[in-house]
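Peer 1: One structure, as structure tokens, below. Some questions next.
Only the coordinates and a few stated rules stand behind these numbers; no lab work does. None of the values given here were measured: they were computed from a predicted structure.
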Amino acid sequence: MTMRMFCVIGIALCAAVTLLAPPYQGVAEILGFSFLGLATIATLLGQA
């Protein structure tokens, strides 16, 4: 599994946690943004 696919799955899981367990919304947002950053970096490094 590529790093970008892992990050997309992570973002989807964070979105699901945000919808299903609102008390953990802050944690899910932090993790989601982290996965988004990793996916962006992996994409930029993959094109170089």
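Peer 1: When Cα extents along the principal axes in Å is calculated directly from the model, which label among (1) 65, 21, 12; (2) 40, 17, 9; (3) 39, 33, 6 fits?
Peer 2: (2)
Peer 1: What does the helix-only formula give at 222 nm for the chain: each DSSP H stretch with n ≥ 4 adding -39500 (n - 2.57), the total divided by the residues, and the result rounded to the nearest 500 deg cm²/dmol?
Peer 2: So the helix-based figure for the chain works out to -29500 deg cm²/dmol.
Peer 1: If you line up the long axis of helix 25-47 against the longest principal axis of the chain, both from Cα atoms, how many degrees apart are they, to the nearest 10?
Peer 2: That works out to roughly 10 degrees.
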